[in-house]
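Please read the structure below before turning to the comments.
The values are calculated or read from the model by the stated rules, or taken from the named source; none is laboratory data. All values derive from a computational prediction rather than experimental measurement. Heads up, the Cβs are rebuilt from the backbone with ideal geometry, glycines too, and the neighbour counts pull from every protein chain shown.
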Protein chains: 2
Amino acid sequence: MKFLFKNAKILKDAYADIFDGEVLVEDGKITYVGKAENLRADAVKDCGGNLLMPSFANAHAHSAMTLFRGVADDLPLKTWLFDRIFPLEDKLTEEDVYWGNMLAAAEYARGGVTAVADMYFYNDVIVDTLYKAGFALALCSGANDIGGGTEQALCRIETAYNKYKGDRLKYFIGLHAEYTCSDALLEGVADLAAKYGAPTYIHCSETLEEVGECTVRRNLTPVEYLHKIGFFDYGGMIAHGTYLDKGDIALLKDKNVCVVSNPSSNLKLASGVAPVYSLLKNGVKVALGTDGAASNNKLSMFREMYLLSCLQKERMKDAAAVGAEISLDAAGKTGWQALGMNGGEIAVGKDADLVLIDLSAPSMRPLSDIKKSLVYAADTSAVLLTMAKGKILYENGEYHIGESVETVYKNAEKCIKRLLKEANG
Amino acid sequence: MKFLFKNAKILKDAYADIFDGEVLVEDGKITYVGKAENLRADAVKDCGGNLLMPSFANAHAHSAMTLFRGVADDLPLKTWLFDRIFPLEDKLTEEDVYWGNMLAAAEYARGGVTAVADMYFYNDVIVDTLYKAGFALALCSGANDIGGGTEQALCRIETAYNKYKGDRLKYFIGLHAEYTCSDALLEGVADLAAKYGAPTYIHCSETLEEVGECTVRRNLTPVEYLHKIGFFDYGGMIAHGTYLDKGDIALLKDKNVCVVSNPSSNLKLASGVAPVYSLLKNGVKVALGTDGAASNNKLSMFREMYLLSCLQKERMKDAAAVGAEISLDAAGKTGWQALGMNGGEIAVGKDADLVLIDLSAPSMRPLSDIKKSLVYAADTSAVLLTMAKGKILYENGEYHIGESVETVYKNAEKCIKRLLKEANG
């Protein structure tokens, strides 16, 4: 199956110049990028001069939390978590996660996302929804042992690591967070990472309270402690990294740990603004994630890119800080690489994970600098088509995610209504 | 001409409950709101259960600066202003402003905005574009006398005040800013406001430098000084208000001055985050504006609403601060009232300035709390239809703004290309 995008403006990656040309996709892979006439294909998409670019990687998500959108807003952090989210999650069934993920699949498709690092319950269901629909999927262990079961948790993580392997499917050995796990579990997971030479994934330094409490308890920041027990010895990712000091940053750089920033979640929950400028300045890789829709409330990488750049300008009191290209890269190539997936750029041999961007939206005009407009002026309304490894997930209002959106919406409503009733009952 | 919206969910204003019903529009005014069958009309829009709500008022804009989108990003504030924007504005012709405004008209229509407070050059052209297209238009004097001409400026302001009067058309007596005007001009404008009993409009306390420099020079903050000379004696609006202390806030409250916050512009230019929480707590009205597309770079009230709430949460370190309804109100009813226009709510007798919001976008689902989703999850992709006083400006990809968008885009490109050449030449 050959699919040809013709008459496109092409952005190969965040730092490349845009040029006019064609992209040929064969069996899910990009096989030609350039300016050519008379390319033959089974299907042809005339891009009409619109922009073809790599799709986005959402490097930190709890996708099924789309179910909780709009049920816990404008509340203090602790009320949000303990009185709303935890009681709902306590009642969550596999079916809920199924429909929550399908709703997320629709939102990702609509917003140009085709790779996701997902940390949530029921891994098989996440595979059966996001992966089956065509997304590149990195499952992330969110294990904790607050209620005990350290050995069982370690066993489950190792089993999952060996189970979820495949083309565009992987599993990150990891944990929920330092403050929800015993030393035995934290060290056990570090040992697992060493056993397999595997990168790890963990929520880390999201709030000032978390960092303060760990520092009091251990006389080490969360990053210092994790570094000390070898958690980062094979690289990996930390989600959030809102509060990182110079020492933390040096350790992350030393171990090649990527920070997944979640600016909209950190902002709405009043957690803070991550030191992204300093991270980048010191050579730490920065990817981007949306976090869950219960906290942010939108799975849009456009919003995350915008905030990544603009919040740093305010934080550094420098309107030149963290330019648009850096955010495009964080949402693109760097995110894809951190996930260990073969996308994030338009190049021969890469998976055909692509987005067609509407340049006829008023907010994209004039075309003086399309890359700046992508970060500072675009939103999901700009997405005309989203393709995941050659499969069209969204095009002009039509979704191809395995279920009709009407079915998804109907079931998502049913699930959250039941959950609210059970959680409050 | 009777136009009927049927089968809608209706949000009358930010604080009202949403209900199912119909809205009848006759000759540009709302004549029925409620649940009724068998209403007859010349044209019927079946809303299919989507949300009908008041359109937005953009209470601070330099609309024609859409031309400069993407030409001055990621630069230090002074480079942005002195090396990029001022040289371009120096070459600006009436034709440039015409096409810049038409591009803004398209963007407003796409984004559900139908009332604009515009401060820019060539008032007649602003009327000939935005007002003629159907927008409620409040022109705002942006006069200064840096290069002299105090008397002429006063004369022009008074002439304009008496000239631009009409249904949905008005002119705010005012000035660019304290730091760009002589005492004679500032006091002269205060006298004009007194002569006509008119509210005023001015950029005020946008940056810390501005406030500091004024305080050193006058031993008064900009607000204290303007209050002292009677500039606020008949109320009005200040744009930005990023740096306001307790005394300033008390004076603004005392004189019933509305603060037009521009969170995205202040953020991207690293100017700061306004004390919106304190303003509201102390009874000062807060409206919302986009500022110009050269600084923010998108004329979207969805983005401004999102930022108004979320930046305050971070500023106050309280995830409960400035809830979604407050931002909806600032972008709606409060903005419309500050502009002195008859819109911003769905009620009999109000102008039919309405937006139809697509509730079938994935990011709007589930429908647990539509108001929260409007602020925290919606973007321009949610707008299905925008109506200004009974006239449809945008519907499902079609624009009705007086020029075809293709013509607008072509001419906007031409204008900015010429301007860049002249400014750099």
**Asked** With A:Leu139, A:Leu103, A:Leu81 as the choices, which residue is free of Cβ contacts under 8 Å to residues at least 12 places away in the same chain and among the aliphatic types (A, V, I, L, M)?
**Response** A:Leu81
**Asked** Do we find that B:Ile392 is in a loop (DSSP other than H, G, I, E, B) and either more than 8 Å from every other protein chain (Cβ to nearest Cβ) or touching a strand residue (DSSP E or B) at 6+ places or on another chain (Cβ under 6 Å) (or both) in this structure?
**Response** no
**Single residue of A:Gly247, A:Gly188 found to be surrounded by fewer than 17 Cβ atoms within 10 Å (Cβ to Cβ), in a helix (DSSP H, G or I) and either over 25 Å from the mean Cα position of the chain (by Cα) or not assigned by TED's automatic domain parsing to the domain that holds A:Cys155 (or both)** = A:Gly247
**Asked** Which condition breaks for A:Lys281 when tested against (1) of a type outside the set (Phe, Trp, Tyr); (2) without any contact (Cβ under 8 Å) to a residue 24 or more places away in the chain; (3) buried (at least 24 other Cβ atoms within 10 Å of the Cβ)?
**Response** (3)
**Message:** Take the conditions in contact (Cβ under 8 Å) with a residue 24 or more places away in the chain, surrounded by 23 or more Cβ atoms within 10 Å (Cβ to Cβ) and assigned to a strand (DSSP E or B) and apply them to A:Met237. Does it pass?
**Reply:** yes
**Prompt:** Which residues, counting only those in the range B:343-376, are in contact with a helix residue (DSSP H, G or I) (Cβ under 8 Å, 6 or more places away or on another chain), among the hydrophobic types (A, V, I, L, M, F, W, C) and assigned to a loop (DSSP other than H, G, I, E, B)?
**Reply:** B:Leu359, B:Ala361, B:Leu367
**Request:** Determine if the range B:30-51 includes at least one residue that is modelled with pLDDT under 95 and on the phi > 0 side of the Ramachandran plot.
**Result:** yes
**Request:** Of the numbered conditions (1) in the same structural domain as B:Leu299 (by TED's automatic domain parsing); (2) in a strand (DSSP E or B); (3) of a type in the set (S, T, N, Q), B:Asn7 fails exactly one; give the number of that condition.
**Result:** (1)
**Asked** Would you say A:Lys371 is closer than 30 Å to B:Ser373 by Cβ and surrounded by fewer than 23 Cβ atoms within 10 Å (Cβ to Cβ)?
**Response** yes
**Asked** Identify, please: which residue in the range A:281-292 is part of a loop (DSSP other than H, G, I, E, B) and of a type outside the set (A, V, I, L, M) and is, among those, nearest to B:Lys372 (Cα to Cα)?
**Response** A:Gly292
**Message:** Looking at A:Glu89, A:Glu95, can you tell me which residue is farther than 26 Å from A:Ile370 by Cα, in contact with a Cys (Cβ under 8 Å, 6 or more places away or on another chain) and modelled with pLDDT of 95 or more?
**Reply:** A:Glu95
**Asked** Of all residues in the range A:195-225, how many are assigned to a helix (DSSP H, G or I) and under 23 Å from A:Gly247 (Cα atoms)?
**Response** 15
**Prompt:** If we keep just the residues of the range B:52-78 that are more than 25 Å from A:Met364 (Cβ to Cβ) and over 22 Å from the mean Cα position of the chain (by Cα), which is nearest to the other protein chains (Cβ to nearest Cβ)?
**Reply:** B:Pro76
**Asked** Just wondering, is there one or more residues in the range A:32-44 that are closer than 25 Å to A:Ala330 by Cα and out of contact with any strand residue (DSSP E or B) (no Cβ under 9 Å at 6 or more places or on another chain)?
**Response** no
**Message:** Condition first: among the hydroxyl-bearing types (Ser, Thr, Tyr) and either under 20 Å from B:Gly134 (Cα atoms) or not assigned by TED's automatic domain parsing to the domain that holds B:Asp358 (or both). Now tell me which residues in the range B:30-67 satisfy that.
**Reply:** B:Thr31, B:Ser55, B:Ser63, B:Thr66
**Asked** Can B:Ala270 be described as out of contact with any strand residue (DSSP E or B) (no Cβ under 8 Å at 6 or more places or on another chain), among the hydrophobic types (A, V, I, L, M, F, W, C) and either within 14 Å of chain A (Cβ to nearest Cβ) or free of Cβ contacts under 8 Å to residues at least 40 places away in the same chain (or both)?
**Response** yes
**Request:** Could you list, in sequence order, all residues of the range A:16-26 that are away from chain B (no Cβ under 14 Å) and assigned to a loop (DSSP other than H, G, I, E, B)?
**Result:** A:Ala16, A:Asp17
**Item:** Of all residues in the range B:362-374 being more than 7 Å from chain A (Cβ to nearest Cβ) and aliphatic (A, V, I, L, M), the one that is nearest to B:Phe56 (Cα to Cα)
**Value:** B:Leu374
**Request:** From (1) at the interface with chain B (Cβ under 9 Å from one of its Cβ atoms); (2) surrounded by fewer than 21 Cβ atoms within 10 Å (Cβ to Cβ), pick out the condition that doesn't hold for A:Leu81.
**Result:** (1)
**Asked** Can A:Ser264 be described as within 14 Å of another protein chain (Cβ to nearest Cβ), assigned to a helix (DSSP H, G or I), modelled with pLDDT of 95 or more and under 17 Å from the mean Cα position of the chain (by Cα)?
**Response** yes
**Request:** Would you check which residues across the range A:144-164 are closer than 19 Å to A:Ala59 by Cβ and part of a loop (DSSP other than H, G, I, E, B) and list them?
**Result:** A:Tyr164
**Request:** Return a yes/no flag: does the range B:134-141 have any residue that is among the small types (Gly, Ala, Ser), part of a loop (DSSP other than H, G, I, E, B), within 18 Å of B:Pro199 (Cα to Cα) and under 15 Å from the mean Cα position of the chain (by Cα).
**Result:** yes
**Asked** For the range A:296-321, how many residues are without any contact (Cβ under 8 Å) to a residue 60 or more places away in the chain, among the aliphatic types (A, V, I, L, M), within 8 Å of chain B (Cβ to nearest Cβ) and under 14 Å from A:Lys268 (Cβ atoms)?
**Response** 1
**Request:** Being assigned by TED's automatic domain parsing to the domain that holds A:Leu75, at pLDDT below 95, among the hydroxyl-bearing types (Ser, Thr, Tyr) and assigned to a helix (DSSP H, G or I) narrows it down to one of A:Ser278, A:Ser309, A:Ser295, so name that one.
**Result:** A:Ser295
**Request:** Starting from residues that are surrounded by fewer than 24 Cβ atoms within 10 Å (Cβ to Cβ) and either facing chain B (nearest Cβ under 8 Å) or touching a Gly at 6+ places or on another chain (Cβ under 7 Å) (or both), keep the ones in the range A:325-337 and report whichever is farthest from A:Ser55 (Cα to Cα).
**Result:** A:Gln337
